[in-house]
1. Just for segment 51-65: of the residues that are over 13 Å from the mean Cα position of the chain (by Cα) and either surrounded by 24 or more Cβ atoms within 10 Å (Cβ to Cβ) or touching a residue at least 12 places away in the same chain (Cβ under 8 Å) (or both), which one is farthest from PRO24 (Cα to Cα)?
2. Can you pull out every residue in segment 10-45 that is of a type in the set (Phe, Trp, Tyr) and outside any helix (DSSP H, G or I)?
3. Can you tell me how many residues within segment 46-100 are of a type in the set (Ser, Thr, Tyr) and part of a helix (DSSP H, G or I)?
4. Quick test of your reading of the structure: ALA81 fulfils all but one of (1) touching a Pro at 6+ places or on another chain (Cβ under 9 Å); (2) farther than 20 Å from ASP94 by Cα. Name the failing condition by number.
5. Kindly check whether there is at least one residue in segment 99-122 that is out of contact with any Gly (no Cβ under 8 Å at 6 or more places or on another chain) and either in the same structural domain as TYR43 (by TED's automatic domain parsing) or at pLDDT 90 or above (or both).
6. Go through ASP28, ASP35, ASP23 for me and flag whichever is among the charged types (D, E, K, R) and under 13 Å from the mean Cα position of the chain (by Cα).
7. Which one is modelled with the lowest pLDDT, of the residues in segment 82-98 that are under 23 Å from ARG42 (Cβ atoms) and surrounded by fewer than 21 Cβ atoms within 10 Å (Cβ to Cβ)?
Amino acid sequence: MSRASQRDLDIKIQFMEGLVRRDPDYVDALQLLGDHYTQHGRYLDGLKVDEHLARLEPRSPLVFYNLACSCSLTGQFDRAASALETALQLGYRDFRWLAKDPTSTSSASNPFTATSRQKSAE
């Protein structure tokens, strides 16, 4: 990431953090903040945001997909598998993205690897 891109991302994070401080349940701001944290490599911060979103939006397949990604990025593969299963049960169906998601690694213990192979074959 270039220095200018890094600075822009830092500004976006600071702005979203300010919005979330004023309204801790502002779902759209939380989703952007979580994405920005992940882009910045702040995976634990992104995980905290996604856990909060899962409490706010317990019926959202995208929220649980993002939670699965955050769990995977922090090495919590059992939690990632559980969140991914919940996302699928709630209706997550973007299997093309699932197969190419940068969160997905070749690790055999990563739930995205097996799920993307299985769903691509269906």
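1. ARG59
2. Matches in segment 10-45: TYR26 only.
3. So the first thing to find is which residues in segment 46-100 are of a type in the set (Ser, Thr, Tyr), and the list is 60, 65, 70, 72, 74, 82, 86, 92.
Applying the additional criterion that residues be part of a helix (DSSP H, G or I) yields 65, 70, 72, 82, 86.
So the count comes out to 5.
4. Condition not satisfied by ALA81: (2).
5. Within segment 99-122, not a single residue is out of contact with any Gly (no Cβ under 8 Å at 6 or more places or on another chain) and either in the same structural domain as TYR43 (by TED's automatic domain parsing) or at pLDDT 90 or above (or both).
6. ASP35
7. Here the residue is TRP97.
A quick yes/no check of all residues on (1) assigned by TED's automatic domain parsing to the domain that holds ALA4; (2) more than 10 Å from the chain's Cα centre (by Cα); (3) of a type in the set (Asp, Glu); (4) surrounded by fewer than 20 Cβ atoms within 10 Å (Cβ to Cβ):
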| residue | (1), (2), (3), (4) |
| --- | --- |
| LEU47 | yes, no, no, no |
| LEU67 | no, no, no, no |
| SER70 | no, no, no, no |
| THR74 | no, yes, no, yes |
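The values are calculated or read from the model by the stated rules, or taken from the named source; none is laboratory data. If you're wondering where the values come from, they're calculated on a predicted model, not measured in any experiment. Here the Cβ is made from the backbone with ideal geometry for all residues, glycine too, and neighbour counts use every protein chain on show.
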